[in-house]
Amino acid sequence: MDAAFVLALHQVATTQTWFGAIVLVIAQAGIVVLPIALLSIWFVARTPNDGRREAVVAGIASAIVAFAVGLVLERILSRPRPFVELGFVPLFPHAPDSSFPSDHTLVGVALVGPMLWRSPKLGIWLLVWALLVGFARVAAGVHYPTDILGSAILTLALAAVVWVATRPVRRRLSPWRWGERRLHSRRAARRR
């Protein structure tokens, strides 16, 4: 089923010029939208203690962890790419290295995963974009659908672990917490 899905999408991308052009742009450059969106979110945040900023920081940490895990997994698993295994030309040149995990999906979902917990409405849209980039890469012939889904599930789990593990650090770095501590210490001093 994995192979049939890749072949069907790839055939549409190679026979329908407009679809192939969209797939090519999203598959190769679509991942850039996510860091730009997160940077915009950082600057649009109303206050320094806006939880979305916390999610951006956790997303960067998650992306670093996910990328490292991806490097290990691709050497251990070594799954052939669809264009190698099924014998067709991908929409763009690509190395015949391991298909799983998808680096684009790992990093993309890791960047936006924490936003799902802090700002679910925004996080869902960013996650949909990250998955769209992954499936554009399926249509391009460089990944299987299960590479994208497996990478997304793995990364959401990693992002959850990073979210919990970085909680003490995120709390200490929060300017709002510093202001709250000063306010409480002033109140305590007045009571004495």
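Listed conditions (1) of a type outside the set (D, E, K, R); (2) in a helix (DSSP H, G or I); (3) surrounded by fewer than 24 Cβ atoms within 10 Å (Cβ to Cβ); (4) in contact (Cβ under 8 Å) with a residue 40 or more places away in the chain are all met by ALA136, apart from (3). Do we find that VAL32 is surrounded by fewer than 17 Cβ atoms within 10 Å (Cβ to Cβ), assigned to a helix (DSSP H, G or I) and aliphatic (A, V, I, L, M) in this structure? Yes. Within the stretch 157-170, restricting attention to residues that are buried (at least 18 other Cβ atoms within 10 Å of the Cβ) and of a type in the set (A, V, I, L, M, F, W, C), the residue that is farthest from VAL107 (Cα to Cα) is TRP163.
The residue that is farthest from PRO145 (Cα to Cα), among those in the stretch 1-27 that are surrounded by 12 or more Cβ atoms within 10 Å (Cβ to Cβ) and not aliphatic (A, V, I, L, M), is GLN16.
Take VAL89 and tell me if it is of a type in the set (A, V, I, L, M, F, W, C), farther than 16 Å from LEU106 by Cα and in contact with a helix residue (DSSP H, G or I) (Cβ under 8 Å, 6 or more places away or on another chain). So VAL89 fits the description; yes. Looking at (1) out of contact with any helix residue (DSSP H, G or I) (no Cβ under 6 Å at 6 or more places or on another chain); (2) part of a helix (DSSP H, G or I); (3) over 27 Å from ALA157 (Cβ atoms), which one does ALA13 not meet, given that it meets all the others? The one condition ALA13 does not meet is (1). Can you tell me which residue is farthest from GLU85 (Cα to Cα) among those in the stretch 8-19 that are of a type outside the set (Val, Ile, Thr) and over 25 Å from the mean Cα position of the chain (by Cα)? Result: TRP18.
Among the residues of the stretch 146-157, is there at least one that is assigned to a helix (DSSP H, G or I), modelled with pLDDT of 95 or more, over 30 Å from ALA13 (Cβ atoms) and small (Gly, Ala, Ser)? Within the stretch 146-157, one or more residues are assigned to a helix (DSSP H, G or I), modelled with pLDDT of 95 or more, over 30 Å from ALA13 (Cβ atoms) and small (Gly, Ala, Ser).
The lone criterion from (1) under 19 Å from the mean Cα position of the chain (by Cα); (2) closer than 30 Å to ASP97 by Cβ; (3) loosely packed, with under 12 Cβ neighbours inside 10 Å left unmet by ILE76 is number (1). The residues on offer are GLU74, GLU85, and the sole one that is in contact with an Asp or Glu (Cβ under 9 Å, 6 or more places away or on another chain) and closer than 19 Å to GLY141 by Cα is GLU74.
The values are calculated or read from the model by the stated rules, or taken from the named source; none is laboratory data. The shown structure was predicted, so the numbers you read here are calculated from the model rather than taken from an experiment. Glycine also receives a Cβ, built like all others from the backbone with ideal geometry; neighbour counts cover every protein chain displayed.
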